[in-house]
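Engineer: Sharing a structure with you now.
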Amino acid sequence: MTAEAVKVLTRAGEVFGRKLELEHLPWGADHFLQTGVTIPKDGYDTLRGFDAIFIGALGDPRVPDNRHARDILLGTRFELDLYVNYRPVKLLDERLCPLKGRGPKDVNFVVFRENTEGLYVSVGGRFKAGTEDEVAIQEELNTFKGVNRIIRHAFQFAKARGLTKVCMADKSNAMQQGHALWQRVFKEVSAEYAGIQATHYYIDALAMYMVLDPGQFEVIVTNNLFGDIVTDLGATFQGGLGMAASGNIHPGKTSMFEPVHGSAPKFAGKNIANPIGAIASAALMLETLGMTKEAAAIDAAVARAVRENQVTADIGGTLGTVEAGTSIAKQIGQVEG
Ligand SMILES: NC(=O)c1ccc[n+]([C@@H]2O[C@H](COP(=O)([O-])OP(=O)(O)OC[C@H]3O[C@@H](n4cnc5c(N)ncnc54)[C@H](O)[C@@H]3O)[C@@H](O)[C@H]2O)c1
């Protein structure tokens, strides 16, 4: 999938006359297994030197504890302080949606997932591990700074795009400490945005309403774990995990883009995985870099591929990963955005 995204990026650069300088870093499971290095000592500084980072899915059965993924993916999110996980949920064609009677006008919203705190910070420990007395503690971190900046980002995004609805989801009925902070900040920030309707759902209700009535959502903001889960649900509305794109963003700084899906090991090496999630993530990257024409051209080429069924089997086509990528690349600049 990553190779196909690179193919499409390169083509977009050529068509619009803005050559992209791409540098490939070998970090991943193969590199880790060969060298024992997950990410080099100066790795995060190296990454800060780029305008943007594009990353493929991590996860390899040969590394059961996923150590390389933790250092490369979560490590980069934390070290580069990429606090916005931006995940658009946009249905391109009614036939891809498993929800009865729903089409593109019903499924078109974005999720902002807090990306640097929550349950992912790995604070905690295991006591008497491996015994029947084992105690496992995993702390959820919520700071005013972290909650404030992601909620504020959601409102700023809505305002900038002319959207009028922001929904925050937490579990403040049960998680009465950390999520009280989310409640407080949401109230404070929403009061500054008079034209925007601020709604709150508990996360379990959000999951239900996403299925029952996805058309009510424009912008959803939530914490790290909940955002991870509801965007897999959102991906199914788009046609599956193979379709979903994401950006790990610190506005104004080097940001990182990746498909929502993992490494789908059962597909590895078979030329059947859908490259659209990766390709759409590359478009998000260009959009964030201000290359809006190039990004729109990629999105248009993807939409046409879906419309004409020039796609992989998971969404009803007959093409392989490489052929689907090539077909999209060829369309860049040929179809209107
Ligand atoms: N951001 C990441 O790098 C990331 C995200 C999630 C999981 N992972 C890792 O990936 C590995 C596999 O995890 P998983 O099986 O839970 O999730 P996964 O996203 O890899 O796959 C789940 C299922 O979604 C479908 N799918 C995923 N990508 C697809 C694609 N491109 N085209 C078509 N269908 C696709 C497949 O049916 C697949 O079995 C694990 O090691 C996990 O830790 C990594």
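Engineer: Filter region 259-271 down to the residues that are touching a helix residue (DSSP H, G or I) at 6+ places or on another chain (Cβ under 6 Å) and open to solvent by 10 Å² or more (accessible area, probe 1.4 Å) and list them by number. Lay out the reasoning, then the answer.
Structural biologist: Step one: filter region 259-271 for residues touching a helix residue (DSSP H, G or I) at 6+ places or on another chain (Cβ under 6 Å), giving 259-261, 271.
Scanning region 259-271 gives VAL260, HIS261, ASN271.
Engineer: Here is a follow-up. Output the number of residues of region 243-259 satisfying the condition of being more than 17 Å from VAL110 (Cα to Cα) and part of a strand (DSSP E or B).
Structural biologist: Total meeting the criteria: 2.
Engineer: A follow-up question, please. Does LYS105 satisfy the criteria of being open to solvent by 70 Å² or more (accessible area, probe 1.4 Å), under 30 Å from ALA313 (Cα atoms) and touching a residue at least 24 places away in the same chain (Cβ under 8 Å)? Talk me through it step by step, then tell me what you get.
Structural biologist: On the way: open to solvent by 70 Å² or more (accessible area, probe 1.4 Å): yes; under 30 Å from ALA313 (Cα atoms): yes; touching a residue at least 24 places away in the same chain (Cβ under 8 Å): yes.
Yes: the conditions hold for LYS105.
Engineer: How many residues does region 275-292 contain that are under 20 Å from GLU323 (Cβ atoms) and open to solvent by 10 Å² or more (accessible area, probe 1.4 Å)? Walk me through it before giving the result.
Structural biologist: If we filter region 275-292 for residues that are under 20 Å from GLU323 (Cβ atoms), which is where we start, we get 275-283.
The next check asks that each one be open to solvent by 10 Å² or more (accessible area, probe 1.4 Å); those that pass are 280.
Residues in region 275-292 being under 20 Å from GLU323 (Cβ atoms) and open to solvent by 10 Å² or more (accessible area, probe 1.4 Å): 1 in total.
Engineer: Continuing with this model, one more query. Given the criterion open to solvent by less than 10 Å² (accessible area, probe 1.4 Å) and within 14 Å of the ligand (Cβ to nearest atom), identify the matching residue among ALA235, ALA295. Please lay out each step first, then the result.
Structural biologist: Values: ALA295 fails: within 14 Å of the ligand (Cβ to nearest atom).
Only one candidate passes the filter, namely ALA235.
Engineer: Quick one: which strands (runs of 3 or more DSSP E) sit completely within region 127-226 and have at least 1 residues that are crowded, with 17+ Cβ neighbours inside 10 Å?
Structural biologist: Values: elements: 135-138, 165-170, 197-202, 219-222.
Filter on region 127-226 gives 165-170, 197-202, 219-222.
Engineer: Given (1) near the ligand (Cβ under 10 Å from one of its atoms); (2) at pLDDT 95 or above; (3) in contact with a Gly (Cβ under 8 Å, 6 or more places away or on another chain), where does VAL63 come up short, assuming only one miss?
Structural biologist: (3) is the only condition that VAL63 fails.
Engineer: Let me ask something else. Just the residues that are aromatic (Phe, Trp, Tyr) and within 19 Å of GLU117 (Cα to Cα), please, taken from region 203-229.
Structural biologist: PHE226
Engineer: Any idea which of (1) within 16 Å of the ligand (Cβ to nearest atom); (2) in contact with an Asp or Glu (Cβ under 6 Å, 6 or more places away or on another chain); (3) not aromatic (Phe, Trp, Tyr) is the one HIS68 doesn't satisfy?
Structural biologist: Answer for HIS68: the failing condition is (2).
The values are calculated or read from the model by the stated rules, or taken from the named source; none is laboratory data. Just so it is clear, the structure is predicted and the values come from calculations on it, not from any experiment. As a convention, Cβ positions derive from the backbone with ideal geometry for all residues, glycine included, and neighbour counts pool all protein chains shown. For the accessible areas, the whole protein counts, side chains as well, though only heavy atoms, and no ligand, DNA or RNA atoms are used. Shrake-Rupley method; radii C 1.70, N 1.55, O 1.52, S 1.80 Å.
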